Amino acid sequence: MNDSSVRDAAFRRRFLLATGAWAVLVAAMLVAVPLMFESRLPDPLATHWGPSGEPNGSMPFAVFVLVALLWVLVAGVILGMAAAGRVALRQAARRWLTATLGWVGALLIGLQATTVAANLDRRRWEDAASLGWQAVVVIVAAFAVGGLGWLAGRPGPDERPVAAGSAPEALVLNPGERPVWVSAAASPVGAGVALAALAAAVSLAVCALLGLPSELWIGAAVFAIAGLIGIWLTSVRVKVSPEDFTVSYGPLRWPSRSVPIGSLDRAWTEERHPADVGGWGYRGLPGRNTIMIRGGECLVVRYTSGGELGISVDDAARGAALINALVSEKN
């Protein structure tokens, strides 16, 4: 390992440690502050105010504290991106990450602080103080912290992604052969976050069954849906046959989309990362879509209509070579 690689690895560790410390600090505050003032708060407590500034909605205290789970989910996804890829080594991606962590964390803390202050020493949630200018302060403060996060992400290395695609080696098909190529990719980090969301859903459901407020079922449903969608979107499978090019999603390989080989123009491999295409999952730009499961080598196909689709799968060069050979044979 050369000196540059050692420096990059050391910086990446420091960056993950610093952002992880911020995530833990925010989570601790979201839990500790309401618990510290629990004896001085009504249950339920006011959590929503109308245009007039008067409270018009409430939430059980237990559910209010569990808002910390939302932050854990958001921070877990963001830090998972940084840990799994090379986000920490790319300035633009790093700045967006730190700005997002700063903005979301500050917003949640601000909203919680104003809610606790408005309910403090009130006998009923209907008696909570009215809010108006406080909301503006919270929003401005959140953007200020997000701006500081943007600046905090500036120092450090700035690795440039490889944009140019590489043409695969030529593949010669023997007469009478029916070649088939199958490959897949999965995101362990994404699957872990999805499983964490499902665990949170089960935890909330158990709490509701044990007699805690029935509103917990709403949180359980939200986390369950997020977890199931996450499991579905964290793996992809690609199959190339003489007839068509098929992309399938999730552990059940459904839904699936097939495109006739005759509708493809050519294929190649290209290095793409979440920071290059706007994040994880199905990322769409005019004429240039990407199914981003994990950063690195992607199979890129161009349709005869002019559009492109990139998919992060293993052994992409072999798949591209077979597509090009099949396309040439069709022509």
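Using only C-alpha positions, report the orientation-averaged shadow area of the convex hull of segment 1-79, nm², one decimal.
Working: hull surface 29.9 nm².
Mean orientational projected area (segment 1-79, Cα hull): 7.5 nm².
Taking the Cα centre of the chain as the origin and placing charges on Cβ (Lys, Arg +1; Asp, Glu -1), which of Val202, Leu17, Thr304 is farthest toward the positive end of the dipole?
Among Val202, Leu17, Thr304, the one farthest towards the positive end of the dipole of the chain is Leu17.
Explain nothing, just the number: dipole magnitude of the chain about its Cα centre with +1 on each Lys and Arg Cβ and -1 on each Asp and Glu Cβ, in debye rounded to the nearest 20. Intermediate values should be presented prior to the final figure.
Numbers: 27 positive and 24 negative charges, 74 e Å.
Here the size comes out at about 360 debye.
Stokes-Einstein diffusion coefficient for segment 259-331 at 25 °C in a medium of 0.890 mPa s, Rh from the Kirkwood formula over Cα pairs: what value in µm²/s?
On the way: Rh = 12.3 Å.
Translational diffusion coefficient: 199 µm²/s.
Grab the Cα-Cα distance for Met36 and Glu177, subtract it from 0.36 nm times how many residues apart they are, and report the gain in nm with one decimal.
Details: separation 141, 0.36 × 141 = 50.76 nm, distance 7.19 nm.
Stretched fully, the Met36-Glu177 segment lengthens by 43.6 nm.
Please report, in Å, the Rg and the Dmax of the chain, where both are computed over Cα atoms only.
Expressed in Å, the Cα Rg and Dmax of the chain come to 24.7, 84.
On the accessible surface of the chain, probed at 1.4 Å, how many percent belong to carbon and sulfur atoms?
Carbon-and-sulfur percentage of accessible area, whole number: 64.
How much accessible area per residue does the chain have, in Å², with a 1.4 Å probe?
On the way: 17150 Å² over 331 residues.
Accessible area per residue, the chain: 52 Å².
Whole Å is fine, so just give me how far the alpha carbon centre of segment 51-120 lies from that of segment 218-278.
Here the two parts' Cα centres lie 29 Å apart.
If packing is taken as the average number of other Cβ atoms within 10 Å across a peptide's residues, how do 248-260, 218-230, 311-323 rank, most packed first? Present the calculation step by step, with values, prior to reporting the outcome.
Values: 248-260: 13.2, 218-230: 17.6, 311-323: 21.4.
Highest mean packing first, the order is 311-323, 218-230, 248-260.
Helix 91-119 against the longest principal axis of the chain: what's the angle in degrees, Cα atoms only, rounded to the nearest 10?
20 degrees
Using 0.36 nm per residue of separation minus the Cα-Cα distance, give me the extension gain between Glu329 and Ile225 in nm, one decimal. It would help to have the intermediate numbers written out before the result.
Working: separation 104, 0.36 × 104 = 37.44 nm, distance 4.48 nm.
My answer for the length gained is 33.0 nm.
Can you tell me which of 36-45, 181-190 comes out highest on packing, and rank the rest after it, using the mean Cβ neighbours within 10 Å? Write down the numbers at each step before the final one.
Details: 36-45: 15.1, 181-190: 18.1.
The packing order, highest mean first, is 181-190, 36-45.
Under 5 Å between amide H atoms, partner at least 5 residues away or on a different chain: which partners does Leu264 have, H built in plane at 1.01 Å?
Distant-sequence amide H within range of Leu264: Thr304.
Can you order the peptides 100-111, 57-68 by their average number of other Cβ atoms within 10 Å per residue, highest first? Intermediate results must be reported in sequence, preceding the final value.
On the way: 100-111: 20.9, 57-68: 18.3.
Packing order, densest peptide first, comes out as 100-111, 57-68.
Please list, in order along segment 32-37, the HN-Hα scalar couplings obtained from phi with the Karplus expression 6.51 cos²θ - 1.76 cosθ + 1.60 (θ = phi - 60°), rounded to whole Hz, x for Gly and Pro.
Karplus-based 3J(HN,Hα) across segment 32-37 equals 6, 4, x, 5, 5, 10 Hz.
The values are calculated or read from the model by the stated rules, or taken from the named source; none is laboratory data. Keep in mind the model is a prediction, meaning the values are calculated, not measured. In this analysis, Cβ positions are derived from the backbone assuming ideal geometry, glycine residues included, and neighbour counts consider all displayed protein chains. When the accessible area is computed, the model is the full protein with side chains, heavy atoms only, and any ligands, DNA or RNA have been set aside. Shrake-Rupley method; radii C 1.70, N 1.55, O 1.52, S 1.80 Å.
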